[in-house]
Amino acid sequence: MLAELKITQLRHFVWVAELKSFHAAAEKAHRTQPAISLSIRDLENKLGQPLFEKRNTRAAKTELTPFGQYFIPRAKELIAHHDRLAEDMALLAERKTGHLRLASVPSIANQVLPELLMEFVGNTPDLHISFYDDNSEAVLKMVERQQVDFGISNLFHPEEHRDKTFMPIWEDAIGVVCPCDHPLADKKTLHWRELGKHRLIGNGTTRLLEDTDAAPLLRRAQFYISNMISLIAMLEAGLGITTLPRYAFPRESSKLCFIPLSEPVVKRHVGIVQLKNRSMSPPAQALIDFILNRYPA
């Protein structure tokens, strides 16, 4: 049966060997000399060999046996490995290292996360983050398949995702996005019926109109574009109009305008999505706590 070596006993052994004195090792360990002697004796019993030569006088320096000389570099290696592992785990528990996998819908990824993540990682240079930017459906799939620690998305139909928990963080209203020279561009607000005679482009967020009076618009969409970059390019080119949450509106665009939808008033709730009954890694939980502190309910 293999001996179970205690790190404390290995430290005592190394200190006695380096200081060549049980008394000096006891002072360094803040223990009594008999306690250090007992620790070394127990280690020797586990190894089945003496580690130090028998001393003839109190003044004699403590010397290693040949077995002790063979063992000491290995003891130091074990101590170093233990200390590295303990430090890594302490840093991980303090959210200062590790690997965090996160997925988010483009609107929050563009408008919120750059500044938020910059502050979060400011004091954690050893924390590695893999970030995925995709539509809500893709984010939910990544959470479901455990490809990410958690996602930032909205749940269109919570009853379809009973295996997940959802913490709402951000709220925005749905509006109409059109070119600035479009006939609707001068409107302050819009009723959904006013959209009927214009070419509508569907996208990943238009599902928010389901179960509202504006649901007929979904059937009239001539185009469906899932990628936000392509959608914005098509809108700027004058291909049509679309509906988007305000967070998803490209504020940097000088060619598009956002008009609130007053009838129906549709609000989107975006938040943290994670699997039920699954513990978060320390870095993931740290980011969740950071977001919750930044955006209290």
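Of all residues in the stretch 146-181, how many are of a type in the set (Phe, Trp, Tyr) and free of Cβ contacts under 8 Å to residues at least 12 places away in the same chain?
Taking the stretch 146-181 and keeping what is of a type in the set (Phe, Trp, Tyr), we get 150, 156, 166, 170.
With free of Cβ contacts under 8 Å to residues at least 12 places away in the same chain added as a condition, the list becomes none.
Total satisfying the criteria: 0.
Would you check if there is a residue in the stretch 233-247 being in the same structural domain as residue 180 (by TED's automatic domain parsing), in a loop (DSSP other than H, G, I, E, B), over 30 Å from residue 88 (Cα atoms) and at pLDDT below 90? Can you show your working first?
Residues of the stretch 233-247 in the same structural domain as residue 180 (by TED's automatic domain parsing): 233-247.
The next check asks that each one be in a loop (DSSP other than H, G, I, E, B); those that pass are 237-240.
Subset that is over 30 Å from residue 88 (Cα atoms): 237-240.
Next cut, at pLDDT below 90 only: none.
For the stretch 233-247, residues in the same structural domain as residue 180 (by TED's automatic domain parsing), in a loop (DSSP other than H, G, I, E, B), over 30 Å from residue 88 (Cα atoms) and at pLDDT below 90: absent.
Please work out which residue is surrounded by the most Cβ atoms within 10 Å (Cβ to Cβ), limiting yourself to the stretch 26-46 and to residues that are among the aliphatic types (A, V, I, L, M) and touching a residue at least 24 places away in the same chain (Cβ under 8 Å).
The residue in question is 36.
Would you mind finding the one in 188, 141 that is out of contact with any Lys or Arg (no Cβ under 9 Å at 6 or more places or on another chain), of a type outside the set (S, T, N, Q) and not assigned by TED's automatic domain parsing to the domain that holds residue 280? Before you say what the answer is, go through the steps one by one.
Values: 141 fails: not assigned by TED's automatic domain parsing to the domain that holds residue 280.
Result of the check over 188, 141: 188.
Residues in the stretch 186-194: is at least one within 25 Å of residue 292 (Cβ to Cβ) and surrounded by fewer than 17 Cβ atoms within 10 Å (Cβ to Cβ)? Explain how you work it out, then say what you get.
Quick first cut of the stretch 186-194, residues within 25 Å of residue 292 (Cβ to Cβ) only: none.
No, every residue in the stretch 186-194 fails to be within 25 Å of residue 292 (Cβ to Cβ) and surrounded by fewer than 17 Cβ atoms within 10 Å (Cβ to Cβ).
Does any residue of the stretch 244-251 turn out to be more than 30 Å from residue 280 (Cα to Cα) and surrounded by fewer than 14 Cβ atoms within 10 Å (Cβ to Cβ)? Before the answer, list the steps.
The initial filter retains those residues of the stretch 244-251 that are more than 30 Å from residue 280 (Cα to Cα), namely 244, 246, 249-251.
Pick out the ones that are also surrounded by fewer than 14 Cβ atoms within 10 Å (Cβ to Cβ) and you get 251.
Yes - at least one qualifying residue is present in the stretch 244-251.
Could you tell me whether residue 13 is among the aromatic types (Phe, Trp, Tyr) and at pLDDT 95 or above?
Working: among the aromatic types (Phe, Trp, Tyr): yes; at pLDDT 95 or above: yes.
Judged against the criteria, residue 13 is a match.
With 212, 205 as the choices, which residue is β-branched (Val, Ile, Thr), under 40 Å from the mean Cα position of the chain (by Cα) and modelled with pLDDT under 90?
On the way: 212 fails: modelled with pLDDT under 90.
Within the list 212, 205, the selection yields 205.
Looking only at the stretch 93-111, count how many residues are among the aliphatic types (A, V, I, L, M), closer than 30 Å to residue 135 by Cα and in a helix (DSSP H, G or I).
Restricting attention to the stretch 93-111, the residues satisfying the condition of being among the aliphatic types (A, V, I, L, M) are 93, 100, 102-103, 105, 108-109.
From the residues that got through so far, the ones that are closer than 30 Å to residue 135 by Cα too are 100, 102-103, 105, 108-109.
Among the residues that remain, those that are also in a helix (DSSP H, G or I) are: 108-109.
Result for the stretch 93-111: 2.
The values are calculated or read from the model by the stated rules, or taken from the named source; none is laboratory data. Worth saying up front: this structure is predicted, and the values here are computed from it rather than measured. Backbone-built Cβ (ideal geometry, glycine too); neighbour counts: all protein chains shown.
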